[in-house]
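Peer 1: Right, I'll just put the structure down here and ask away after.
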Amino acid sequence: MEVLTLQHGWEFRQGDHDDWLSAEVPGSVHLDLMRHGRIPDPFLYDNEEKVQWIIDQEWQYRCQFEVNQTLILAEKQVMVFNGIDTIASVSLNGTLLGKTDNMFRTYEWDVTTLINTTGSNELLVTFPSVGKFLTEKLSERTVKGVGALGIDGSYYMRKAPCHFGWDWGPALPPIGIWQPVTIEGRNLAFLKDVHFRQQHGEDSVMISATLDVGSLSNVPVKAIMRVTAPDGKSWTTQKYVQSECDLSINVDNPQLWYPNGYGAQPLYDVMVTLESDDDILDSKAVKMGLRTLELRQEPDQWGKSFTFVVNDIPIFAKGSNWIPADSFPTRLTHARMERWIADTAAAHQNMLRVWGGGLYETDDFYTLCDQYGILVWQDCIFACKIYPLHQDQFIENIRHEIIDNARRIRHHASLALWCGNNEMEWGWEDWHWNCAENSDLKSGYDTFFHYLLPKWLKTLDPDTPYWPSSPSSDTPFFNVNGQEQGDAHYWDVWHKGAPFTAYRNQYPRFMSEFGFQAFPPIETIHHYTNPEDRNLTSYVMELHQKNNNGNRFIINQMSASYKIPTNFDKLMYMSMVLQAEGIRYGVEHWRRNKKRVSGTLYWQLNDCWPVASWASIDYYGRWKALHYAAKRFYAPVLLSLYDEDTHVAMHLTNDLPRQWNGEIRWRLETLTGSIREQGSLPVSVEALESREVCAVDLPVPDGDRRDLVFIADLFTNNTLVATQISIFAPNKHVNYVDPQLVAEVSQSGDDFIITLTAKTLARYVEVKMEGFDAVFSDNYFDLPAGKSISVTTKKPEGWTVETAQTALRLMHLHASYSD
């Protein structure tokens, strides 16, 4: 098939202006205006407010192009828009091809009789005012009960809801052509759809492909499927086809795909081609990981389980929630996307929930999740609002959206679940949506998410489980956040100010959302502020805090446990420590109870712009303290402490598919390292189990509570793998003193090694190198008195040990409130 990609020659203009400016496609109006210096960067300072006029205007894009002889001679020419954002009309050479109203759909038009075979063609795309569209819709009906999250009315558009603003994201709705535009020259036959599936036997896997072939003649064509294993071995089958056919290949002794931490991720190359007289008419190539997957829900002593099982192994889902990684998605490169997914895997995560207020992600995202072993919980794109699901035209639009996206991503080994929406069922139960005025909307919701959507997905992707909403008890409109079955979102710690200890009262079957905010690293704040803005309550800082009460919540929780830092930079550091400690507290509790709780997905992994948020990695890819903590609390073998006053129980949690053996060495000591009591014991924990291995009642006199610390070290083969600390008074009351940290930099190959020693207990030690965004092997860690720890980072090009030593910057808890 001849394919012409219309990537060059694009121009754009504001609807009532005469001047056309060069444009980039894929792209958006905001990015093109920035490129021409017509608007400032909306991510910096208070610039977001200065570009709100854009959505109130009409915009046009045009492209002048010529077609080659091969394309001209094809039997049919088809214009394909793989993604257009969102309300638009498309014309070719003055003839209207059609109108679009869904950024998640692919639009195709037959342009065989419209293309100029000689000379130039003009493609024109007109985007009417988004603001005017929303105003007209809201004048028809404003839905009662929907909380304000950015620009109102977004539920009337099939577009990423967060583009209109969220409690972590700006109101910057992109407008433009966000996926490639192509013209396909089709001959004889083409692939309308290919459904790849796998069926597992005892020692083999049958890979099958169901082909839906569009035929332009009565002549059968040859359909060929080739499977190539990771080791290069290949298999081929073929048959003649005119409309539909099934192809299948048996792979003996298959290499199975596993989630991160449970095994390897081998991928098989699978290609289907349509051929005639050795000419390739069309083709479809994918990479497939061979695995079985089920969502196991079985009655047990607590209710009903909610456990993902891969290749007969029950998986504890360790992960986070994914939002769009840029408010302007066309800026995302493969390198940036791979860094996000690689950093997810580096923190021992094995699942990302693609949240329903964002996007069906790009092919690149799912392919990288396949490669790194990250399971994907895929929300359909509905979140926190009431949608007009009682309207037939709206539902038909969504039906095409679901077809396009299910067909696109269903073959991925990483795809673990289709979920109907984010928090909408919760809204119907608890958010005052359920009123007489909304009865038609509730009926529409019920029909759509409990009948239509699961029916469509069962047809399109029968191999992936469906879940109606998150959270849900799978009993419509009842006990959506219950502890007996289904998944739960727990937000009392953030929205209601409950202490972190409240996490220990929660025993959901699967915790799919919970979180706490922090500010980003100070280097990121310097990027979007001027020096005069660096105050917690400055206009710019509050503009980059989208949760109305966010800063107050952070300070309130901080003051409950920690001394208030003495300056702005230290406050930013302590917010990250606070976030990391809170999420750690919850995850360790749920992992200790893994027989009852089958997964934790904290909110959230990433940011779409530089902002105070729940993310563990900020917009620029800088790891916050939470991501380093996640690397520790999601470790395959976890040592955790269940402490009640002076009683401390030591637990081991093992996610490995084999028994783990080691040793615990514990001690009760002063902050300066003088040992009061100590002990050691060999420990073991069976595969995929969690258990208490030791408990001690410690002699801590009331007068010594502020001066003593309990430390447990976990060793294997005499190598320290984890340290846990418990104190007997709030951190703000403990008598910490300057630990007199010493840090020495050395080099080993391409790595710098930073060795740190503390004279007294140093808590939450932060290591940085000025001028270099280093990712260290560990950070924001505790360093007991008299002990040393070494962390590593990649050496920047051109740096020496002396350069690194000079650039080294340290922070710790005591320094945060001391001059």
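Peer 1: Taking 45 Å as R0, compute the FRET efficiency from the Cβ-Cβ separation of Thr142 and Thr210 and round it to 0.05. Present the calculation step by step, with values, prior to reporting the outcome.
Peer 2: Details: r = 45 Å, r/R0 = 1.00.
Computed FRET efficiency for Thr142 and Thr210 comes out at 0.50.
Peer 1: Here is a further query. Take the cross-link list Lys99/Lys385; Lys99/Lys192; Lys284/Lys458; Lys144/Lys546; Lys563/Lys768; Lys385/Lys595 and give me the ones stretching past 29 Å between alpha-carbons.
Peer 2: Numbers: Lys99/Lys385 26 Å; Lys99/Lys192 22 Å; Lys284/Lys458 23 Å; Lys144/Lys546 23 Å; Lys563/Lys768 23 Å; Lys385/Lys595 34 Å.
Violating the 29 Å limit, Cα to Cα: Lys385/Lys595.
Peer 1: Further, regarding this structure: For an R0 of 51 angstrom, estimate the FRET efficiency from the Cβ-Cβ distance between Thr475 and Gln747 and round to the nearest 0.05. Mind showing how you got there, number by number?
Peer 2: Details: r = 60 Å, r/R0 = 1.17.
Efficiency at R0 = 51 Å is approximately 0.30.
Peer 1: What is the extension gain from Thr719 to Ser674, computed as 0.36 nm multiplied by their sequence separation minus the C-alpha to C-alpha distance, in nm to one decimal? Walk me through the intermediate numbers first.
Peer 2: On the way: separation 45, 0.36 × 45 = 16.20 nm, distance 2.28 nm.
So the extension gain works out to 13.9 nm.
Peer 1: Separate question: Note the full-extension length gain between Glu49 and Arg296 as 0.36 nm times their separation in residues minus their Cα-Cα distance, in nm to one decimal.
Peer 2: On the way: separation 247, 0.36 × 247 = 88.92 nm, distance 4.77 nm.
Additional length available on full extension: 84.2 nm.
Peer 1: Follow-up. In the range 99-207, which trypsin sites (Lys or Arg not before Pro) fall in coil by DSSP and have 16 or fewer other Cβ atoms within 10 Å?
Peer 2: Working: sites: Lys99, Arg105, Lys132, Lys137, Arg141, Lys144, Arg158, Lys159, Arg186, Lys192, Arg197; in loops: Arg105, Arg141, Lys144, Lys159.
Loop-located and lightly packed - Arg141, Lys144.
Peer 1: Heavy atoms only, probe 1.4 Å: what % of the accessible area of the range 634-782 goes to carbon and sulfur, would you let me know?
Peer 2: Answer for the range 634-782 is 44 percent, counting heavy atoms of protein chains only.
Peer 1: Using r as the Cβ-Cβ distance of Lys304 and His526, and R0 as 51 Å, what FRET efficiency do you calculate, to the nearest 0.05?
Peer 2: On the way: r = 50 Å, r/R0 = 0.97.
For Lys304 and His526, the calculated efficiency is 0.55.
Peer 1: Full extension from His390 to Ser89: what is 0.36 nm times the residue separation minus their Cα-Cα distance, to one decimal in nm?
Peer 2: Details: separation 301, 0.36 × 301 = 108.36 nm, distance 2.55 nm.
Taking 0.36 nm per residue and subtracting the Cα distance, the gain is 105.8 nm.
Peer 1: Sort all Cα-Cα distances of the range 232-385 into consecutive 5 angstrom bins from zero, then give the percent of pairs in each bin up to the one containing the longest distance.
Peer 2: Percent of Cα pairs in each bin: 2, 7, 14, 16, 16, 15, 13, 10, 6, 2, 1, 0, 0.
Peer 1: If you don't mind, there's one more thing I want to ask. Considering only protein heavy atoms and a 1.4 Å probe, what is the carbon-and-sulfur percentage of the accessible area of the range 148-197? Display every interim value, and only then the final one.
Peer 2: Numbers: 520 of 1100 Å².
After summing per-atom areas, the C and S share lands at 47 percent.
Peer 1: Below 12 angstrom from the Cβ of Asp279, what's the summed charge of the other residues (Lys, Arg +1; Asp, Glu -1)?
Peer 2: Working: positive: Lys222; negative: Glu2, Glu275, Asp277, Asp278, Asp282.
Local net charge: -4.
Peer 1: Please work out the average accessible area per residue across the range 261-419, using the 1.4 Å probe convention, and give it in Å².
Peer 2: With the other protein chains kept in place, the range 261-419 gives 30 Å² per residue.
Peer 1: Further question: Can you pull the percent of Cα pairs in the range 576-638 with separation above 18 Å?
Peer 2: Here the long-distance tail beyond 18 Å is 35 percent of all Cα pairs in the range 576-638.
Peer 1: Further question on the same structure: Going 7 Å from the Cα of Ser559 along its beta-carbon direction, which residues of the range 803-819 have the amide nitrogen within less than 16 Å of the resulting point?
Peer 2: Under 16 Å, as judged by backbone N against the label point of Ser559, lies no residue of the range 803-819.
Peer 1: Testing the spin-label approximation: label points 7 Å from Cα along Cα→Cβ at Asp312 and Glu437. State their distance in nm.
Peer 2: Distance between the two pseudo-spin positions: 5.7 nm.
Peer 1: Next up: Using a/c under 1.5 as the rounded threshold, could you call the range 307-349 rounded, prolate or oblate? The axes a ≥ b ≥ c are square roots of the C-alpha gyration tensor eigenvalues, and prolate needs a/b larger than b/c, oblate otherwise.
Peer 2: Values: a/c = 2.97, a/b = 2.40, b/c = 1.23.
Note, shape of the range 307-349 comes out prolate.
Peer 1: Sequence neighbours fewer than 8 away in the same chain don't count; with that in mind, list the lysines whose C-alpha is under 26 Å from Lys594.
Peer 2: Lys304, Lys318, Lys631
Peer 1: Rounded if a/c is under 1.5, else prolate if a/b beats b/c, else oblate: with a ≥ b ≥ c from the C-alpha gyration tensor eigenvalues square-rooted, which is the range 6-45? Present the calculation step by step, with values, prior to reporting the outcome.
Peer 2: Values: a/c = 2.63, a/b = 1.38, b/c = 1.91.
Taking the square roots of the gyration eigenvalues as a ≥ b ≥ c, the range 6-45 is oblate.
Peer 1: Over the Cα atoms of the chain, what Rg and Dmax result, in angstrom?
Peer 2: So, for the chain, Rg and Dmax equal 28.4, 93 Å respectively.
Peer 1: From the Cα gyration tensor of the range 510-634, with a ≥ b ≥ c the square roots of its eigenvalues, which class applies: rounded if a/c is under 1.5, or else prolate if a/b is larger than b/c, or else oblate?
Peer 2: On the way: a/c = 2.19, a/b = 1.78, b/c = 1.23.
Here the range 510-634 falls in the prolate category.
Peer 1: Count charges around Ala171 for me, please; just the other residues with Cβ under 10 Å from its Cβ, Lys/Arg as +1, Asp/Glu as -1.
Peer 2: Details: positive: Lys546; negative: Glu48, Glu49.
Within the 10 Å Cβ shell, the charges total -1.
Peer 1: Ok, one more. Could you state how much accessible area Trp20 has, in square angstrom rounded to the nearest 10, with a 1.4 Å probe and all protein chains kept in place?
Peer 2: The accessible area of Trp20 comes to roughly 50 Å².
Peer 1: Continuing with this model, one more query. With an 8 Å cut-off on Cα pairs and a minimum separation of 6 or more residues, tell me the relative contact order of the chain in percent. Could the numbers behind the result be given before it?
Peer 2: Numbers: 1901 pairs, mean separation 72.3, N = 819.
It rounds to 9 percent for the chain.
Peer 1: Divide the volume of the convex hull of the Cα atoms of the range 651-755 by its number of residues and quote the answer in cubic angstrom per residue. Walk me through the numbers before you get to the answer.
Peer 2: Working: hull volume 16.5 nm³, N = 105.
Convex hull of Cα atoms, per residue: 157 Å³.
Peer 1: Then there's this: Let me have the relative contact order for the range 478-630, percent, based on Cα pairs under 8 Å that are six or more residues apart. Spell out each step's value before the answer.
Peer 2: Values: 242 pairs, mean separation 45.9, N = 153.
Relative contact order here is 30 percent.
Peer 1: Next question, about the same structure. Report, in whole Å, the centroid distance computed from the Cα atoms of the range 672-736 and the range 492-529.
Peer 2: About 26 Å separates the Cα centre of the range 672-736 from the one of the range 492-529.
Peer 1: Rounded to whole Å, give me the distance from the Cα center of the range 594-665 to that of the range 102-151.
Peer 2: 43
Peer 1: Let me ask something else. How high is the relative contact order of the range 767-814, given as a whole-number percent (alpha carbon pairs under 8 Å, six or more residues apart)?
Peer 2: Details: 35 pairs, mean separation 26.3, N = 48.
Relative contact order for the range 767-814 comes out at 55 percent.
The values are calculated or read from the model by the stated rules, or taken from the named source; none is laboratory data. Predicted model only: the values in this text are computed from it and were never measured. Cβ coordinates were reconstructed from backbone atoms using ideal geometry, including for glycine residues, and neighbour counts include every protein chain displayed. Surface accessibility is based on the protein's heavy atoms, side chains included, excluding ligands, DNA and RNA. Shrake-Rupley method; radii C 1.70, N 1.55, O 1.52, S 1.80 Å.
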